[in-house]
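Beneath this line is the structure, given in C-alpha cells, with notes to follow.
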Amino acid sequence: MALVSWTMDYASAKSLQAYKWMHTELKGNVPLQYMAWVTYPIILITFSSLFCHLVAPQAIGSGIPELKTILRGVVLKEYLTLKAFVAKVIGLTASLGSGMPLGKEGPFVHIASICAAVLSRVLSIFTGVYEAHKQDLLVCACAVGVGTCFAAPVGGVLFSIEVTSTYFAVRNYWRGYFAATFSAFIFRVLSVWNKDSVTITALFRTNFRMDFPFDLQELPAFAVIGISCGFLGAFFVYLNRQVVLLMRRPTALTRFLTKHRLIYPGMVTLIIASFTFPPGFGQFMAGELMPRESINSLFDNFTWTKIWGSTPPPGLGRSAVWFHPQVSIFIILLLFFIMKFWMSAVSTTMPIPSGAFMPVFILGAAFGRLVGEIMATLFPNGILFDGIVYRILPGGYAVIGAAAMTGAVTHTVSTAVICFELTGQISHILPMMVAVILANMVAQGLQPSLYDSIIQVKKLPYLPELGFGHISKYNIFVEDIMVRKVKFLSPQTTYRELVHLLESATLKTFPLVDSKGVYVCFFIFQSVTDCDSNTDESSVWSVQIKDWEEAELDKPIDIDQIRIDPSPFQLVERTSLHKTHTLFSLLGLSHAYVTSIGKLVGVVALKELQKAIEGSTRSGVRLRPPLASFRDATKSDTESKETECKVTVDNSGVTGSDLQDQPPLSSVPSCPSSSIPLSSLHHQPEPDSSGERESNDEPI
C-alpha cells in the first residue's frame with residue numbers, strides 16, 4: 001500500500017507540474033492560458049469519470065461510507081474486487097492530478113480495504129474461510145489507508161476506529177498499529193529514495209517555537225475557532241448533501257445529466273477552473289496554488305499582515321501568491337475560504353474517486369489563518385503576560401483550524417493527532433484539543449458526519465445512534481417493531497414449493513419451522529433445485545419425463561442433505577430497543593429472529609430498527625401488553641420445542657462462510673407473503689390483530 005500511495009503521489013505531482021508548466025509557458029497570451037488552464041483538468045476529470053463508469057462504478061466516491069456498511073456485516077457487491085481497485089487507483093490519480101479541490105484519504109482507505117479483501121481470499125485457500133479474520137483484515141486496512149496517506153500511523157489507527165467502528169475489538173489494536181507504522185515508514189522512505197525529502201520527516205513540517213507557542217489569553221480565540229468550525233463543518237455537510245439530493249431529483253435536467261454522464265463533472269470542473277484562473281479572479285484568492293502548496297503556505301511562520309505593503313522577505317516562497325498590491329490580505333483569505341468552501345462541497349459530488357478530508361483540511365487552515373492574522377493585527381506587539389511578551393503565531397492558528405474543521409466534518413477527535421503527525425510538532429496540543437472537542441460538540445448536534453450523510457443519501461443499511469440522554473423515550477420493544485408475516489419452510493415442504501419460494505423472494509435466509517412452530521436454519525444451494533427440478537431440454541416433450549418430474553417435485557425436501565447452521569441469533573419479544581440496538585451494533589447483525597418459548601413469532605432487521613430509532617414507528621405502533629405473545633403461544637401450541645438452528649437459503653451459490661452476506665435493504669423488493677401459494681409456507685398465526693404491524697417489506 002505504501003508503494004501504491006507513493007506512486008499515486010508521484011504521478012499526480014508530475015501531472016500538476018505539467019499543468020503549471022503549461023500555464024507558465026503561455027504567459028503573455030491570456031486566452032491561450034485560459035484554454036490550457038481549464039482544458040487540462042476537464043480532460044483528466046472526464047477521463048476519471050468515464051474510466052470508472054466503464055470499469056467499476058463502485059469506485060466512484062469516497063468509499064468510507066460503503067466500507068462502514070460492509071464492516072456492519074452487509075455485503076455490497078463488487079465493492080472489494082480487483083476491478084474496483086484498478087478503477088479507484090487510476091481514477092483517483094487522474095483526479096488528484098487535475099488540481100481540483102479533492103482528497104485521497106477516503107478513496108485510499110477503500111483501496112487498502114480491497115487489498116485486504118483480496119488477501120483474505122488468497123489466505124482462505126490455505127487456512128479456510130473465517131468471517132472474523134476477514135473483518136479483522138478490513139479494520140487493519142482502514143488504519144493502513146490513513147497511515148499511508150498522511151504518514152500518520154497513530155492518527156490513522158485512531159481515525160479508522162472512530163470512522164468505521166461503533167465497537168472496536170482490542171485484539172486488532174496492535175495489528176492496526178503494526179501495519180500502519182510499517183506502511184507509513186515505507187511511504188516516507190520511498191520519498192527519501194526519490195529525493196523528494198532529505199530525510200524521514202513530517203509531510204507538512206512546521207517550525208513553530210517550542211518555548212512559548214501560545215499564551216493562556218489566546219485560549220478564547222482558539223475556542224472561537226473550534227465553535228465556528230463546528231458550525232461551518234455542519235454547514236459543509238448540509239451543503240454537500242443538498243447538492244447530491246438536487247442531482248437525484250427526477251427533473252428534466254437531472255435525467256439529461258444522467259444520460260450524458262460526462263457533462264456534470266465537465267461543467268463543474270470548467271466553473272471551478274474559471275474561478276481559479278490566476279490572471280482573472282484567481283489572483284484575489286491565490287488560485288494558482290495547488291492543494292499541497294496551499295497547506296505549506298498557510299502553515300508558514302510569517303505574519304502576513306506585517307509583510308503586506310512592504311518588500312517580501314527572501315524566504316517567503318510560494319506564500320507570496322497570497323499578496324496583492326490593491327487587496328488586503330484579509331480579503332484574499334476570506335475570498336479563498338468562501339470560494340473553496342462551495343468548490344469543495346460541489347466537487348466532491350462529481351462521479352469520480354475523491355475524498356473530502358484534504359479539501360476540508362485546507363478550509364480549516366485558511367479559516368484559522370484568517371483568525372490568526374486578525375489576532376496579530378489586534379496585538380501587533382504580542383500579548384504581555386507576567387513580564388513576558390508572547391507573539392502571535394498565525395501558522396499555529398491555521399493548524400488548529402485545520403484540525404477543528406476536519407473533526408467537525410468527520411465527527412472525530414483523532415484529527416488532532418493526525419495534525420500532530422502531519423506538522424511534526426505538538427506545541428499546540430492543548431488549544432488544538434479544545435478546538436476539536438468544541439467543534440465536535442457543535443457539529444454533532446447539528447448534522448451527521450459527512451460519511452453518515454452519504455450513507456443516508458445512498459440509502460445504505462445503517463443503524464442510527466440512539467440520542468444521548470433520551471434512552472427513556474425509546475419505550476419500544478422488539479414485538480412492537482418486528483415483522484410478523486415471515487416466510488418459512490417446514491419438513492413437509494415439497495421441492496415444487498421450494499422452487500416457487502426461491503423464484504418469488506430474493507431473501508437469502510429462511511427459517512425452517514417444525515409442524516408446530518419450532519424453527520431450524522440451513523443452507524440450500526442452487527444445486528438443490530437444479531438437480532431435482534431441471535431436466536434435459538431435448539426430452540422435455542416426453543410425457544414420461546414430465547410425469548417423473550411432477551412426481552419428484554411433489555416429494556418433500558431432504559433436510560439431511562442440507563448444510564445447517566445451528567446457531568441463529570434470537571431475541572425474545574420483550575427485548576428493549578436499546579438492548580437490541582446494542583446487540584446489532586456490537587455483533588454486526590443485519591437481522592435477528594424473534595421467538596417466544598422457542599416458537600418463531602417474527603423477524604427484525606436493520607430497517608425496522610432504523611424506523612423505530614428515527615421515530616417513524618413511535619406514533620404509529622400500538623404497543624401490545626407485556627408477554628402477550630407468550631400467552632398467545634401457550635394457548636395455540638402447548639407442545640412447542642426449543643429453537644435449534646437457523647436456515648440460510650443462498651441462490652448465488654456461496655459457502656457457509658458467507659452467512660452475513662445480506663443484500664442492501666433498499667434493494668430488496670416488496671414481496672407480500674400472500675403471493676406465494678405454498679401449502680406448508682403459512683404465516684404464523686396473529687392472535688392479537690390490534691398489535692399486528694402490516695408490512696409488505698421483506699424482513700431481511
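Below are the figures for this structure:
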{"quantity": "Number of the condition not met by residue 77 [criteria: (1) in a helix (DSSP H, G or I); (2) of a type in the set (Lys, Arg); (3) surrounded by fewer than 20 Cβ atoms within 10 Å (Cβ to Cβ)]", "calculated": "(1)"}
{"quantity": "Matching residues in region 260-277 - criterion: being surrounded by fewer than 17 Cβ atoms within 10 Å (Cβ to Cβ), under 26 Å from the mean Cα position of the chain (by Cα) and not aliphatic (A, V, I, L, M)", "calculated": "261"}
{"quantity": "Residue check for residue 71: surrounded by 21 or more Cβ atoms within 10 Å (Cβ to Cβ) and in contact (Cβ under 8 Å) with a residue 24 or more places away in the chain", "calculated": "no"}
{"quantity": "Residue match in region 340-359 (condition: outside any strand (DSSP E or B) and farther than 30 Å from residue 61 by Cβ)", "calculated": "no"}
{"quantity": "Of the criteria (1) closer than 19 Å to residue 358 by Cα; (2) within 19 Å of the chain's Cα centre (by Cα), which one residue 56 fails", "calculated": "(1)"}
{"quantity": "Number of positions in region 439-497 that are at pLDDT below 80 and polar (S, T, N, Q)", "calculated": "6"}
{"quantity": "Residue match in region 459-467 (condition: in contact (Cβ under 8 Å) with a residue 40 or more places away in the chain, surrounded by fewer than 21 Cβ atoms within 10 Å (Cβ to Cβ) and in a helix (DSSP H, G or I))", "calculated": "no"}
{"quantity": "Lone unmet requirement of (1) modelled with pLDDT under 90; (2) assigned to a helix (DSSP H, G or I); (3) of a type in the set (A, V, I, L, M, F, W, C); (4) within 18 Å of residue 377 (Cα to Cα) for residue 214", "calculated": "(2)"}
{"quantity": "Residue check for residue 369: at pLDDT 90 or above and not aliphatic (A, V, I, L, M)", "calculated": "yes"}
{"quantity": "Residue match in region 387-395 (condition: at positive phi and either surrounded by fewer than 22 Cβ atoms within 10 Å (Cβ to Cβ) or not assigned by TED's automatic domain parsing to the domain that holds residue 230 (or both))", "calculated": "yes"}
{"quantity": "Single residue of region 307-324 satisfying the filter (in a loop (DSSP other than H, G, I, E, B) and of a type in the set (S, T, N, Q)) that is surrounded by the most Cβ atoms within 10 Å (Cβ to Cβ)", "calculated": "310"}
{"quantity": "Residue match in region 513-526 (condition: assigned to a loop (DSSP other than H, G, I, E, B), modelled with pLDDT of 70 or more and touching a Phe, Trp or Tyr at 6+ places or on another chain (Cβ under 8 Å))", "calculated": "no"}
{"quantity": "Matching option when the condition is without any contact (Cβ under 8 Å) to a residue 40 or more places away in the chain and under 28 Å from residue 343 (Cα atoms), among 85, 159, 108", "calculated": "85"}
{"quantity": "Residue that is in the same structural domain as residue 411 (by TED's automatic domain parsing) and in contact with a Ser or Thr (Cβ under 7 Å, 6 or more places away or on another chain), where the choices are 336, 330, 357", "calculated": "357"}
{"quantity": "First in region 389-408 and touching a residue at least 12 places away in the same chain (Cβ under 8 Å), second anywhere and among the acidic types (Asp, Glu) and surrounded by fewer than 24 Cβ atoms within 10 Å (Cβ to Cβ), Cβ under 7 Å, 6 or more apart", "calculated": "390/215; 394/373; 395/300"}
{"quantity": "Test: residue 145 is buried (at least 24 other Cβ atoms within 10 Å of the Cβ), closer than 30 Å to residue 426 by Cα and within 14 Å of the chain's Cα centre (by Cα)", "calculated": "yes"}
{"quantity": "In region 52-68, the residues that are surrounded by fewer than 22 Cβ atoms within 10 Å (Cβ to Cβ), of a type in the set (Val, Ile, Thr) and either in a helix (DSSP H, G or I) or out of contact with any strand residue (DSSP E or B) (no Cβ under 8 Å at 6 or more places or on another chain) (or both)", "calculated": "55"}
{"quantity": "Exclusive hit being outside any loop (DSSP other than H, G, I, E, B), more than 17 Å from the chain's Cα centre (by Cα), closer than 30 Å to residue 83 by Cβ and at pLDDT below 85, set 126, 178", "calculated": "126"}
{"quantity": "Test result for residue 339, surrounded by 24 or more Cβ atoms within 10 Å (Cβ to Cβ), hydrophobic (A, V, I, L, M, F, W, C) and on the phi < 0 side of the Ramachandran plot", "calculated": "no"}
{"quantity": "Test result for residue 170, outside the structural domain of residue 449 (by TED's automatic domain parsing) and over 17 Å from residue 108 (Cβ atoms)", "calculated": "yes"}
{"quantity": "Qualifying residue in region 291-314 (condition: of a type in the set (Phe, Trp, Tyr), at pLDDT 85 or above and more than 30 Å from the chain's Cα centre (by Cα))", "calculated": "no"}
{"quantity": "Among (1) in a helix (DSSP H, G or I); (2) of a type in the set (S, T, N, Q); (3) surrounded by fewer than 24 Cβ atoms within 10 Å (Cβ to Cβ), the one test that residue 425 misses", "calculated": "(1)"}
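The values are calculated or read from the model by the stated rules, or taken from the named source; none is laboratory data. Since the structure is predicted, the reported quantities are computational estimates derived from the model, not experimental observations. Using ideal geometry, Cβ is built from the backbone for each residue, glycine included, and neighbour counts are taken over all protein chains shown.
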